[in-house]
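Bear in mind these aren't lab numbers, they're just calculated from the coordinates by the rules spelled out. All values reported here derive from a predicted model rather than from experimental measurement. Counting neighbours? That spans all protein chains shown, and the Cβs are built from the backbone with ideal geometry, glycine included.
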Amino acid sequence: MSTVGQIERATQDRVVKLFREQLGYKYLGNWEEHPNNSNIEKTYLRPFLKRQGYSDTLIRKALFELNKVAGDQTRSLYDINKAVYGLLRYGVQIKAEVGENT
């Protein structure tokens with residue numbers, strides 16, 4: 001690993017330590033070589049949304065919309081990140097059925 005890579009890894013380790021020890025986050029490990037690594041981990045997101053009381057239909061539609069926005073390679077990385085942040089911050093505006101409220 002290059003010197004720059006070593007410095008970056010050390011910085012990441014310090015950030016992980018901060019999140020675990022001071023903020024109480026659960027660390028899932030280094031996923032650098034994790035199979036099927038994705039920016040959106042449905043394995044964790046789906047059960048979380050279910051515990052929040054969302055229906056399977058809304059979860060499926062929300063994950064579809066989130067993946068669609070995150071995977072839109074016609075936009076710049078900045079615009080994609082901004083759009084994903086908007087969905088995470090303000091919610092995905094979807095309806096379970098036609099005519100229902102979002």
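Look at the dipole of the chain built from charges on Cβ: of Gln93, Ile40, Phe64, the Cα furthest out on the positive end belongs to Gln93. For the stretch 8-64, the square roots of the Cα gyration tensor eigenvalues, ordered a ≥ b ≥ c, give a/c of at least 1.5 with a/b no greater than b/c, which places it in the oblate category.
Put the Cα centre of the stretch 1-47 next to the Cα centre of the stretch 50-102 and the gap is 23 Å. To test your reading of the geometry: what angle, between 0 and 90 degrees and rounded to tens, separates the Cα axis of helix 77-90 from the longest principal axis of the chain? Helix 77-90 sits at roughly 60 degrees to that axis. Which of the three applies to the stretch 20-102, rounded, prolate or oblate, going by the alpha-carbon gyration tensor with a ≥ b ≥ c and a/c under 1.5 meaning rounded? Verdict is oblate for the stretch 20-102.
Over 22 Å apart at the Cα level, from the set Lys26/Lys61; Lys17/Lys42; Lys42/Lys95, are Lys26/Lys61; Lys17/Lys42. With each label modelled as a point 7 angstrom along the Cα→C-beta vector, the Asn36-Ile7 pair spans 3.8 nm.
Between Tyr44 and Arg14, the contour length at 0.36 nm per residue exceeds the alpha carbon distance by 8.4 nm.
Taking the convex hull of the alpha carbon positions in the stretch 54-99 and averaging its projected area over all directions gives 3.5 nm².
Residue separation of Ala70 and Arg51 scaled by 0.36 nm, minus their Cα-Cα distance, works out to 4.5 nm of gained length. Can you list the residues of the stretch 5-38 with backbone N under 19 Å from a point 7 Å past the Cα of Leu63, pointing along Cα to Cβ? Flagged as within label range: 35-38. For the chain, the longest principal axis of the Cα atoms and the long axis of helix 42-51 meet at an angle of about 50 degrees. Counting only lysines at least 8 places from Lys82 when in the same chain, those with an alpha carbon closer than 16 Å to its own are Lys68. Angle of helix 3-21 to the longest C-alpha principal axis of the chain, folded into 0 to 90 degrees and rounded to 10: 60°. Here the dipole of the stretch 1-48 is about 220 debye; that uses its Cα centre as origin and unit charges on the Cβ of Lys and Arg (positive) and Asp and Glu (negative).
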